[in-house]
Each structure stands twice: as C-alpha cells, then as structure tokens.
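All remarks here apply to the structure that follows.
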Amino acid sequence: MADVVRNKQVIFKDYINGYPKTSDMLLTSDATVCLELPNNNNDGPLVLTKNLYLSCDPYMRNRMNKSMEGSYIDSFTPGSPVIGYGVSRVLDSSHPDFKKGDLIWGLINWEEYSLIKDTSSLIKIQHTDVPLSYYTGILGMPGMTAYVGFHKICSPKKGDTIFVSAASGAVGQLVGQFAKLYGCYVVGSAGSQEKVDLLKNKFGFDEAFNYKEEQDLDSALKRYVPNGIDIYFENVGGKMLEEVLRNMRLNGRVAVCGMISQYNLDQPEGIRNLFLLVMKRIRMEGFIVFDSYHLYPKFLEMILPLIHEGKITYVEDTVEGLEHGPAALVGLFSGKNVGKQLVVVAHE
Ligand SMILES: NC(=O)c1ccc[n+]([C@@H]2O[C@H](COP(=O)([O-])OP(=O)(O)OC[C@H]3O[C@@H](n4cnc5c(N)ncnc54)[C@H](OP(=O)(O)O)[C@@H]3O)[C@@H](O)[C@H]2O)c1
C-alpha cells in the first residue's frame, strides 16, 4: 500500500482589490495525497512531485484579480492553491518525458506535494552543478525574462547607456549584469541604500540611486544619467516612466517588462510625456517571457558558463517553510525582498 500523507497547502481565498495581504491566503493541512500514482487513470499523463522551492513573482498579484483585461494567464481560483513557478522532485510519473527521481521546474501549486495534470510548463532540470533554487530565478522564468528583454527587446549597442528600475530584483540584477557584459553604461534605481550598495558593489552597476529618497525624479535622472538614456528597462511604470521619457535620447528603446507600481491600484495612473516618443523617435515595446521559452536551451548555453566562471552573480532572498510564503509574496510590493524572493518548502 502506498503512503497517504497530509499535504500542506497555501489556498487563495478570494479576489482582492488594492495591496495583497497575507490574510488573503490560508495555510491548511486538510488535504491528503497518495505518494504513488493510481494504476489506472483516465486523466492522461500525470506527474507526482515533492515540491522543494517556490518562486514569489509580482505577476502573481495580477492573478488575484477577478478579471485581467487582455491577459495571457488566468486568475487564481478562490478556494484552490496559489500557483507559481517552483522546483520539484518527481516522485512518480506516467508522462514519457519525466521519470521518478527527475528534477523539474515549472508551474506548480503552493503545496508540499503536487499531482500535476497540466504538464505543459514543466522543464526537466539537466544541470545540477548549480544551486537548485536558481531554477526559480536566474535559471528560470526571471532569468529568461532578463535575457529576452535585454538581448531581444532592448536592441543594445556597445556603449549604450541603460537605465533599469527595480534594479536589484530577480530580473533587474541580471539585466544590469548582462548590459555590463555587453559593454553598456549601466544605471539602476532601487528602494533602499542596501539595494543601491548591492547594485554598485556586487552587480557592477556604474551608478545607482534610491528613488524613495528623491523628491524630484527628473533631477535625479539628470544627475545620475547626465548624458541621457538610450535604453530603459521598465519594471515599475508610473512616475518613473514619465520622468525617464524626459531623459531618453534620440532613437531610444523602452523595453516594457512590467509596471509593478500599478498592480495594486484600482485605477491605473495616466502617463504624461508620451509625445516624447514621437519627438525622440523612441521605440517602446512590451513583451511576455512565455513567448520566448523556445530560446531556453540557447539561454542556458550562454548563462551556465558565466555562472561557473564567476562572471555573473545572483542574490536570493530565501524564507524557510511554506507557511512563510504568503508574507514573502506580499513583501514584494513594499520592496521587502533583497534580490530574488523564494520559499524553501523542503530541502529534500
Ligand atoms: N514581461 C514578463 O514576461 C515579466 C516576467 C517577469 C517579471 N516581470 C516584471 O518585471 C518586474 C520585476 O519583477 P521581479 O521578479 O524582478 O521582481 P523584484 O524586482 O524581485 O521584486 C519587486 C520589486 O519591485 C519594487 N517595487 C515594489 N513596489 C513598487 C512600486 N510601487 N514602485 C516602484 N517599485 C516597486 C521593489 O523594489 P524596490 O525596493 O527597488 O522598490 C520590489 O522589491 C515586475 O514588474 C514584473 O511584473 C515581467
């Protein structure tokens, strides 16, 4: 007889407005799971996993809305577990691509064990000579986002000046390092002195500032990027975007990766200065990393040697225990995380 065990889960309670709270999610141990697949099932290929690491990502807030206009992804289902990227060990599988003992990363429920029916997002981990948690960040979705956003959308040229907002986060810290390796002049903004120090001393940014301490973002940008910005890697939106547009150079590019400052507002803010796109012949382009996963093998080929040679570094902010997942996720929206926020569910 296969073991049946309790399965701790984080349940999404109901759709929200405004800032998310830990109380919007509920930790339960009500569910049970059998640690072996049923012999005969008609559900198609299944993968049973033990979950090790969970990723906290800003887009998860958007899944807490009842509806998301034009979205590429569904809202969470009230009463069901929160869903996010994670790293897991396969305990049992009837899927031809995955076998017992494999490590995978992809979309999983926030729970200790998962019986995965929709296996379309799962990727088998082939390289284990790096920290496994990296597959929530540098070697996972945020890493791919930085890679595609910088190399494809920003159309960089050696010598360009790039400005990155939310620069010390999961995506931003990599964009800055990719840009440095490419030969760009790199400036970043972040929300604390600790983060600014990281940008300059660990990630090699040429300049960085704490946007929360600047009364006037336009004059801050003029001080830190006096010759203007060729590329803006946009993570935050709102006032920062308005002021960056004033400081862009002719033929600049704005890669719109995200706009975290807008995710908790009931009404999105308007953006002034858009006519500058015309005046300065700026290309502003949004992108979604999901469209580029076919580039993942190429990305790994590029990034693994850089990690091994110490040419790229990655800072993670780790909390231990599924029960701390909700607070870690909520913390993204006040900048509590320093680096890539992840949750350890089990160390195997
Ligand atoms: N397009 C895609 O496919 C894609 C994929 C992944 C991520 N993204 C987007 O990329 C951006 C960065 O994601 P990430 O995973 O790297 O997150 P992150 O930077 O690791 O964490 C979020 C950070 O955003 C900053 N922040 C929070 N609220 C803010 C506000 N109101 N105004 C300005 N900054 C705020 C905080 O840093 P500070 O302390 O510096 O304020 C916080 O630490 C997000 O907008 C996300 O939605 C897009």
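The values are calculated or read from the model by the stated rules, or taken from the named source; none is laboratory data. Keep in mind that what you see is a predicted model, and the values were worked out from it rather than measured. Here Cβ is always computed from backbone atoms with ideal geometry, including for glycine, and neighbour counts include all displayed protein chains.
Cβ-Cβ contacts under 9 Å between residues 6 or more apart (or on different chains), taken from a first residue in the range 256-278 that is under 18 Å from MET68 (Cα atoms) to a second residue that is assigned to a helix (DSSP H, G or I) and aromatic (Phe, Trp, Tyr), are listed as GLY258/TYR59; ILE260/PHE333; TYR263/TYR59; TYR263/PHE333; ASN264/PHE333. Within the set VAL164, VAL254, the sole residue that is within 22 Å of VAL289 (Cβ to Cβ) and in contact with an Asp or Glu (Cβ under 6 Å, 6 or more places away or on another chain) turns out to be VAL254.
Test of understanding: among LEU48, LEU27, which residue is surrounded by 15 or more Cβ atoms within 10 Å (Cβ to Cβ) and touching a Pro at 6+ places or on another chain (Cβ under 8 Å)? Steps first, please.
On the way: LEU48 fails: touching a Pro at 6+ places or on another chain (Cβ under 8 Å).
Answer to the selection: LEU27.
Across the range 212-238, the qualifying residues are those that are within 23 Å of THR145 (Cα to Cα) and within 15 Å of the ligand (Cβ to nearest atom), and the one among them that is surrounded by the most Cβ atoms within 10 Å (Cβ to Cβ) is PHE233.
In the range 154-199, the residue that is nearest to the chain's Cα centre (by Cα) out of those that are near the ligand (Cβ under 8 Å from one of its atoms) and surrounded by fewer than 24 Cβ atoms within 10 Å (Cβ to Cβ) is GLY191. Against the criterion of being away from the ligand (no atom under 15 Å from the Cβ) and of a type in the set (A, V, I, L, M), VAL254 does not qualify. Of all residues in the range 191-232 being in contact (Cβ under 8 Å) with a residue 60 or more places away in the chain and aliphatic (A, V, I, L, M), which is nearest to ALA255 (Cα to Cα)? So the residue we want is ILE231. Farther than 20 Å from ALA146 by Cα and either in contact with a Lys or Arg (Cβ under 7 Å, 6 or more places away or on another chain) or assigned by TED's automatic domain parsing to the domain that holds ARG61 (or both), is that true of ASN251? The answer is yes for ASN251.
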